[in-house]
Amino acid sequence: MHANPAHSAPMIARVEPLTRTRAVRGPFDYRLRPDQADVGVGTVLRIPFGRQTTLGVVLELASDSELAFERLAEPNAILPPGVPPDLVALAGWIAEQYCSTPARALSLVLPPPGAGRRRPALQATLTEAGAAALLGAGRLTDRQRELLRRLHSDGPVPAAALGTAALRRLQERGLVELSPLAPGGRPITPAVGRRLEGLPALTAEQRRALEAILGALGPAPPAAGRFLLHGVTGSGKTEVYLQAVQATLAAGRGAVVLVPEIALTPQTVGRFQARFGDVVAVLHSGLGRHERHEEWLRLRHGEARVCVGPRSAVFAPLADIGLIVVDEEHDPSYKHEGDPRYDARSVALRRARQHGAVLLAGSATPRPESVVALTQLHLPHRIDGRPLPPVEVLDMRGLHHPLHPRTRMALADVRADGAKAIVLLNRRGWSNFLSCRGCGRVWMCPNCEVALVLHGAQGFLSCHHCGHRRRAATRCEHCGSVAVARHGSGTESVEQELREAFGRELPVFRLDADAAAGRGRLAETLSRFESAPAGVLLGTQMVAKGHDFADVALGVVLDADQTLRFPDFRAEERTFALVTQLAGRVGRGQAAGKVLVQALAPEARSITLAARHDADAFLAQELKRRQVLGYPPYGSLIRVVCSSPDAAEADAMAARLHGLIARSGGIVLGPAPLFRLRGRSRSQLVIKCRDRLAMVRAVGVAVEQCATDAARRSVSVSVDPDPQ
Ligand code: ADP
Ligand code: ZN
Ligand code: ZN
């Protein structure tokens, strides 16, 4: 050990360099100059690293190093703002839990790149002229008068709590003074109190749920503060979140609200903004670089104390979090599909524990994992007192038309009544696949072992995995036959079907990844459907997300059991959720509604129980099944995929990993071939285990052991703990 000769204060920073290579593992020691004394945990530095320079994050300060102090390099520059220390710790946890590297995990929590330093937070004070304007009959809008009155009664208030833009206009007229807010000054009182009057009175069920949550918002044993708000669609879950956030703000703490996808949940986001104003920061992928940076800083400086956003919002840089809400907690988008393959729901639990915050997950179709891990609060009734719509399951066996005769009749009624319907088919495109009637050949993707999907309007074939496109064939390249058969239907052909059958009086609004290329289009289609007097919203599972449309009289699920045909232990859960969530969009407001579910396996448990709206029975049976099979929550799964242009190499690597991993206990299934994807053959292992973290570590060690060999054979290995 070499102590720092000149100082007794810690002048050595342990820094994790932000490189993508797995082989490099920090931290490495750097020597700080006296003028770099404000470096702390989370400071972002530009550091010399080997012959290059790179970014690094300080993990720790120290006063001695394994290396001689003089031999340590100095950082080149400090790059503010840094990462809050609690997020540095969280990144360490993620790296370990998801078999990733500290550098990759840290990249999740870095401040978004922005335009350097910014203006400090402001506070607003009423000037003499402002007071005079308030007394006299100055030209003021109602809102301006209200702002001045507030400053008159409360004294100086943080500008963000009242709306900086409005205050600036008053400042220009000399009625208000804006000055920098003292850092660490008095806690910001958000614009909460003045909006209390308009709040809906909670129902008895909502009140009971809220009281349980409020009871845990104070100092409480952590396990008491994790809730699952299990409420049927339209039972007022969002109102409970809103009032829980309000209580959190009133207690001087911040809140994080996770939603599945901003573009599909504009209503939910809008409700938070309407209720809390500028105190809300919204993070989403549509933000420009600068806006994202600004929102991040508003959170970091405490100007915004509620962060609403998709899974990455779980990393919101709030100093003191009292509540984390996970809306629609069953939604698969909470799982991140790149390295680190984190699950925002698990990260939310961890972060809640770090901050002593309450975790509040909510859904009409919660995951079995959450039912076991969280305290359930029930909202069994819809707010408007309406029953959930009756669901009829239609047997499609032996029918060759995509619409059952009863579905056609029901849609004809919707047209006759000038009403609205939602039709869900979880498959985009025109036809599922094309085959040659001459030789039976199916048009496949050249890069992936999957059939190409026909997209009708444009007449092209497309691979839904790699994006490969080609013109639709009119003759077989193999045998020359011109008899090309189209199989199955997708949202595009059903759109055509509906237009032909029902004409102009029943306009069709299509919502899928093709129709909504460009995220603005999604919200636009949703709002056009909402404001149209009549019509059909047709689309993939997007149409079943939490939309709150009044007056949808009919819901239809086409090919409801297609999700069941996937070899996935979550298939039942997905199918149940899809049917239940669609039913939840129907019969709100004035229209009574009904739901039709077309299926080839109409007696499947997930479909019959969804038709009876019996989530509790479904969960009970699902938990029993999972217990027998050792699936989550009764065991953990880890998926390992080896991929290579050469199938034999991928297989060999998977077999070798199997051998290494099996030694550390757990059940290793595979190697099993997966379909070729993007020109790479894939071989998969699935590990079932009880001790998740120990197994993640063992897998990490095994993968590391093979790393050099894998690189030489151009095999890449990905590890996915808790796969979806
Ligand atoms: P969920 O999130 O469970 O689907 P919402 O919170 O969206 O349900 O509530 C459904 C509708 O009922 C919304 O329009 C909401 O504004 C309204 N609502 C919620 N709680 C109340 C209440 N206590 N009184 C009156 N209306 C309410
Ligand atoms: Zn052919
Ligand atoms: Zn492909």
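The values are calculated or read from the model by the stated rules, or taken from the named source; none is laboratory data. Keep in mind that what you see is a predicted model, and the values were worked out from it rather than measured. As a convention, Cβ positions derive from the backbone with ideal geometry for all residues, glycine included, and neighbour counts pool all protein chains shown.
Output the residue which, of all residues in segment 440-454 that are within 15 Å of Arg427 (Cα to Cα) and either within 14 Å of ligand 3 (Cβ to nearest atom) or free of Cβ contacts under 8 Å to residues at least 12 places away in the same chain (or both), is surrounded by the fewest Cβ atoms within 10 Å (Cβ to Cβ). The extreme case among them is Val450. Within segment 158-179, the set of residues being in a loop (DSSP other than H, G, I, E, B) and surrounded by fewer than 24 Cβ atoms within 10 Å (Cβ to Cβ) comprises Gly163, Arg173, Gly174.
Taking segment 363-426 as the region of interest, the strands (runs of 3 or more DSSP E) fully inside it that hold 2 or more residues being surrounded by fewer than 17 Cβ atoms within 10 Å (Cβ to Cβ) and charged (D, E, K, R) are 391-395.
Please work out if Cys479 is within 16 Å of ligand 3 (Cβ to nearest atom) and modelled with pLDDT of 90 or more. Outline the logic, then answer.
Working: within 16 Å of ligand 3 (Cβ to nearest atom): no; modelled with pLDDT of 90 or more: yes.
Answer is no for this residue.
Among the residues of segment 1-42, those that are surrounded by fewer than 17 Cβ atoms within 10 Å (Cβ to Cβ) and at pLDDT 80 or above comprise Arg25, Arg33, Pro34, Asp35, Ala37, Asp38, Gly40. Scanning segment 622-654 for residues that are surrounded by fewer than 15 Cβ atoms within 10 Å (Cβ to Cβ) and either closer than 28 Å to Ser718 by Cα or aliphatic (A, V, I, L, M) (or both) yields Gln627, Val628, Leu629, Gly630, Pro645, Asp646, Ala648.
In the list Gly136, Gly116, Gly82, which residue meets the criterion of being under 29 Å from His290 (Cβ atoms) and either of a type in the set (S, T, N, Q) or modelled with pLDDT under 80 (or both)?
Numbers: Gly136 fails: under 29 Å from His290 (Cβ atoms); Gly82 fails: either of a type in the set (S, T, N, Q) or modelled with pLDDT under 80 (or both).
After ruling out the rest, the residue left standing is Gly116.
Taking the numbered list (1) within 16 Å of ligand 2 (Cβ to nearest atom); (2) under 30 Å from Ser644 (Cα atoms) in turn, His468 passes all entries but (1).
Might you check whether a residue that is within 16 Å of ligand 2 (Cβ to nearest atom) and either touching a Phe, Trp or Tyr at 6+ places or on another chain (Cβ under 9 Å) or over 30 Å from Pro533 (Cα atoms) (or both) occurs anywhere in segment 423-434? Within segment 423-434, one or more residues are within 16 Å of ligand 2 (Cβ to nearest atom) and either touching a Phe, Trp or Tyr at 6+ places or on another chain (Cβ under 9 Å) or over 30 Å from Pro533 (Cα atoms) (or both). Checked against the criterion of being small (Gly, Ala, Ser), surrounded by 22 or more Cβ atoms within 10 Å (Cβ to Cβ) and part of a helix (DSSP H, G or I), the candidates Ala129, Ala105 yield just one match: Ala105. For Gly555, the test of being at pLDDT 95 or above and closer than 26 Å to Arg271 by Cβ is passed.
Suppose the filter is out of contact with any Phe, Trp or Tyr (no Cβ under 8 Å at 6 or more places or on another chain), within 14 Å of ligand 1 (Cβ to nearest atom), of a type outside the set (D, E, K, R) and without any contact (Cβ under 8 Å) to a residue 12 or more places away in the chain; does Ala244 pass it? When the stated conditions are applied, Ala244 does not pass them.
Given the options Thr365, Thr407, Thr375, name the one that is under 29 Å from Leu623 (Cβ atoms), of a type in the set (Ser, Thr, Tyr) and over 21 Å from the mean Cα position of the chain (by Cα). Steps first, please.
Details: Thr365 fails: over 21 Å from the mean Cα position of the chain (by Cα); Thr407 fails: under 29 Å from Leu623 (Cβ atoms).
On inspection, the qualifying residue turns out to be Thr375.
When every residue of segment 415-422 is checked against the conditions, at least one turns out to be in contact with a Pro (Cβ under 8 Å, 6 or more places away or on another chain), closer than 30 Å to Glu505 by Cα and more than 14 Å from ligand 3 (Cβ to nearest atom).
Rundown of residues vs (1) charged (D, E, K, R); (2) under 15 Å from Trp93 (Cβ atoms); (3) in contact with a Lys or Arg (Cβ under 6 Å, 6 or more places away or on another chain), yes/no style:
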| position | (1), (2), (3) |
| --- | --- |
| Tyr334 | no, no, yes |
| Val347 | no, yes, no |
| Gly356 | no, no, no |
| Ala361 | no, no, no |
| His381 | no, no, no |
| Asp384 | yes, no, no |
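Restricting to segment 480-489, what's the tally of residues that are within 16 Å of ligand 2 (Cβ to nearest atom), small (Gly, Ala, Ser) and under 41 Å from the mean Cα position of the chain (by Cα)?
Going residue by residue through segment 480-489, those that are within 16 Å of ligand 2 (Cβ to nearest atom) are 480-487.
Keeping just the survivors that are small (Gly, Ala, Ser) gives 480-481, 483, 485.
After this cut, where a residue has to be under 41 Å from the mean Cα position of the chain (by Cα) as well, the list is 485.
Qualifying residue count, segment 480-489: 1.
The residues on offer are Gly254, Gly277, and the sole one that is more than 23 Å from Val83 (Cα to Cα), away from ligand 1 (no atom under 12 Å from the Cβ) and more than 13 Å from the chain's Cα centre (by Cα) is Gly277.
Per-residue answers, yes or no, for (1) of a type in the set (Gly, Ala, Ser); (2) surrounded by fewer than 21 Cβ atoms within 10 Å (Cβ to Cβ); (3) within 14 Å of Val423 (Cα to Cα); (4) under 27 Å from the mean Cα position of the chain (by Cα):
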{"site": "Asp551", "(1), (2), (3), (4)": "no, yes, no, no"}
{"site": "Phe566", "(1), (2), (3), (4)": "no, yes, no, yes"}
{"site": "Arg588", "(1), (2), (3), (4)": "no, no, no, yes"}
{"site": "Ala592", "(1), (2), (3), (4)": "yes, yes, no, no"}
{"site": "Val595", "(1), (2), (3), (4)": "no, no, yes, no"}
{"site": "Gln598", "(1), (2), (3), (4)": "no, no, yes, no"}
{"site": "Arg612", "(1), (2), (3), (4)": "no, yes, no, no"}
{"site": "Ala620", "(1), (2), (3), (4)": "yes, yes, no, yes"}
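Yes/no matrix, rows are residues, columns are (1) among the charged types (D, E, K, R); (2) within 16 Å of ligand 2 (Cβ to nearest atom); (3) not in a helix (DSSP H, G or I):
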| residue | (1), (2), (3) |
| --- | --- |
| Pro673 | no, no, yes |
| Ser681 | no, no, yes |
| Leu685 | no, no, yes |
| Val699 | no, no, no |
| Val703 | no, no, no |
| Asp720 | yes, no, yes |
| Pro723 | no, no, yes |
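Consider Arg145 against the criteria (1) part of a loop (DSSP other than H, G, I, E, B); (2) farther than 30 Å from Pro27 by Cα: it satisfies all of them except one. Which criterion is unmet? The failed condition is (1).
In this structure, does Arg226 turn out to be within 14 Å of ligand 1 (Cβ to nearest atom), closer than 24 Å to Val372 by Cβ, surrounded by fewer than 22 Cβ atoms within 10 Å (Cβ to Cβ) and at pLDDT 95 or above? The answer is no for Arg226.
Figure legend. Inter-residue proximity from segment 467-480: first residues among the hydroxyl-bearing types (Ser, Thr, Tyr), second residues more than 16 Å from ligand 3 (Cβ to nearest atom), beta-carbon distance below 9 Å, spacing 6+ or different chains. Indicated pairs: Thr474/Val482; Thr474/Val484.
Within segment 72-117, how many residues turn out to be among the small types (Gly, Ala, Ser) and under 21 Å from Val699 (Cβ atoms)?
Let us first name the residues in segment 72-117 that are among the small types (Gly, Ala, Ser), namely 73, 77, 82, 89, 91-92, 95, 100, 103, 105, 107, 114-116.
Within this subset, residues satisfying the condition of being under 21 Å from Val699 (Cβ atoms) are 91-92, 95, 100, 103, 105.
Residues in segment 72-117 being among the small types (Gly, Ala, Ser) and under 21 Å from Val699 (Cβ atoms): 6 in total.
No other residue among Gly418, Gly459, Gly440 is at positive phi, more than 15 Å from ligand 2 (Cβ to nearest atom) and modelled with pLDDT of 90 or more apart from Gly418. Among the residues in segment 342-361, are any of a type outside the set (S, T, N, Q), modelled with pLDDT of 95 or more, surrounded by fewer than 22 Cβ atoms within 10 Å (Cβ to Cβ) and in a loop (DSSP other than H, G, I, E, B)? The answer is no, given that none of the residues of segment 342-361 is of a type outside the set (S, T, N, Q), modelled with pLDDT of 95 or more, surrounded by fewer than 22 Cβ atoms within 10 Å (Cβ to Cβ) and in a loop (DSSP other than H, G, I, E, B).
Of the numbered criteria (1) closer than 26 Å to Glu704 by Cα; (2) in contact (Cβ under 8 Å) with a residue 12 or more places away in the chain; (3) surrounded by fewer than 20 Cβ atoms within 10 Å (Cβ to Cβ), the one Leu59 fails is (3).
Results for (1) over 29 Å from the mean Cα position of the chain (by Cα); (2) within 16 Å of ligand 2 (Cβ to nearest atom), shown as yes or no for each residue.
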position	(1), (2)
Leu452	no, yes
His478	yes, yes
Thr491	no, no
Leu498	yes, no
